[in-house]
1. Here are the criteria: (1) part of a helix (DSSP H, G or I); (2) in the same structural domain as residue 296 (by TED's automatic domain parsing); (3) more than 23 Å from residue 112 (Cβ to Cβ). Tell me which single one residue 198 does not satisfy.
2. Hey, can you tell me all the residues within region 273-321 that are more than 19 Å from residue 37 (Cβ to Cβ), under 20 Å from the mean Cα position of the chain (by Cα) and assigned to a helix (DSSP H, G or I)?
3. Do the conditions hold for residue 175, that is, is it surrounded by 21 or more Cβ atoms within 10 Å (Cβ to Cβ), assigned to a helix (DSSP H, G or I) and in contact with a strand residue (DSSP E or B) (Cβ under 9 Å, 6 or more places away or on another chain)?
4. Take region 40-69 and flag every residue that is under 14 Å from residue 28 (Cα atoms) and in contact (Cβ under 8 Å) with a residue 60 or more places away in the chain.
């Protein structure tokens, strides 16, 4: 069975605040480390009331400092919001503090709404230069050369695995061209997943960073003691998607008993399409669902995410998911 990892947004639940979200984030990371998850990634989002992971590199340092073995990284840093040199310095610093444990995933979306994107990109109005920015960033991680005018300190010569993230063919093609590992955002935008995976594997060119293609897929997994409880817990994520599409993003809502009364048929269809890559159920259903997903898509790794309102039940979901992996591996 392929390795499992965790994707987190440091969600702020209704009745909670950012401080509690950060405490729960670290608790989940330590829990994932004990359970044997390979990576713990945090994603950059801005101007989202229910997501506290805007200062992604800061939180990565906090999680890495509070754990001892699990790899910690960005899934991802939205590169158009940042100067490549600054990202190289930040992650060169992290990798120097926590050698062999830091990952850098890069995305080309702003991770926010248009007005906030403009606020973030004061001198940069589009993501058109994403490929050039990736190359510039990779250059800063190479050993500094004599006479090099600009270098990342620290960063130059520091080993930082760089991934490209995406939900379309663009990043899949770029990752293949540059010989980088690729992570697909199938947990919320699965439409192009099969096509992107095929393109990445077909067009991959070996590089000094990676000899053969390495693809990771994201999967929503909400596991509970039985199917009915899991379906109820999943209504938190379903509500959040509807609220986002209604233009009213908010704190992570508690689950509800009747999701059908909450959404319109059109909203239900849209959420079902966006969250098509989801495994929801008790232990048997989760094991079967994960096995079917891996058999069909053949990822090299799986990155699990679970937006569950109750922290204890969220911890339990990741525990049940890892138990399912152990059953499948055995």
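1. All conditions pass for residue 198, except number (2).
2. Once the filter is applied, which keeps residues that are more than 19 Å from residue 37 (Cβ to Cβ), under 20 Å from the mean Cα position of the chain (by Cα) and assigned to a helix (DSSP H, G or I), region 273-321 yields 273, 274, 297.
3. Against the criterion (surrounded by 21 or more Cβ atoms within 10 Å (Cβ to Cβ), assigned to a helix (DSSP H, G or I) and in contact with a strand residue (DSSP E or B) (Cβ under 9 Å, 6 or more places away or on another chain)), residue 175 qualifies.
4. Once the filter is applied, which keeps residues that are under 14 Å from residue 28 (Cα atoms) and in contact (Cβ under 8 Å) with a residue 60 or more places away in the chain, region 40-69 yields only 41.
Quick grid of which residues meet (1) buried (at least 21 other Cβ atoms within 10 Å of the Cβ); (2) in contact with a helix residue (DSSP H, G or I) (Cβ under 6 Å, 6 or more places away or on another chain):
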site	(1), (2)
103	yes, no
113	no, no
120	no, yes
150	no, no
168	no, no
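Per-residue answers, yes or no, for (1) within 16 Å of the chain's Cα centre (by Cα); (2) within 30 Å of residue 295 (Cα to Cα):
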{"residue": "7", "(1), (2)": "yes, yes"}
{"residue": "11", "(1), (2)": "yes, no"}
{"residue": "14", "(1), (2)": "no, no"}
{"residue": "30", "(1), (2)": "no, yes"}
{"residue": "42", "(1), (2)": "yes, yes"}
{"residue": "62", "(1), (2)": "no, no"}
{"residue": "69", "(1), (2)": "no, yes"}
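Condition check ((1) part of a strand (DSSP E or B); (2) farther than 18 Å from residue 77 by Cβ; (3) at pLDDT 95 or above; (4) not assigned by TED's automatic domain parsing to the domain that holds residue 309) across all residues:
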{"residue": "1", "(1), (2), (3), (4)": "no, yes, no, yes"}
{"residue": "16", "(1), (2), (3), (4)": "no, yes, yes, yes"}
{"residue": "19", "(1), (2), (3), (4)": "no, yes, yes, yes"}
{"residue": "24", "(1), (2), (3), (4)": "no, yes, yes, yes"}
{"residue": "27", "(1), (2), (3), (4)": "no, yes, yes, yes"}
{"residue": "30", "(1), (2), (3), (4)": "no, yes, yes, yes"}
{"residue": "33", "(1), (2), (3), (4)": "no, yes, yes, yes"}
{"residue": "40", "(1), (2), (3), (4)": "yes, no, yes, yes"}
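The values are calculated or read from the model by the stated rules, or taken from the named source; none is laboratory data. Here the structure is a predicted model, which means the values were calculated and not measured. As a convention, Cβ positions derive from the backbone with ideal geometry for all residues, glycine included, and neighbour counts pool all protein chains shown.
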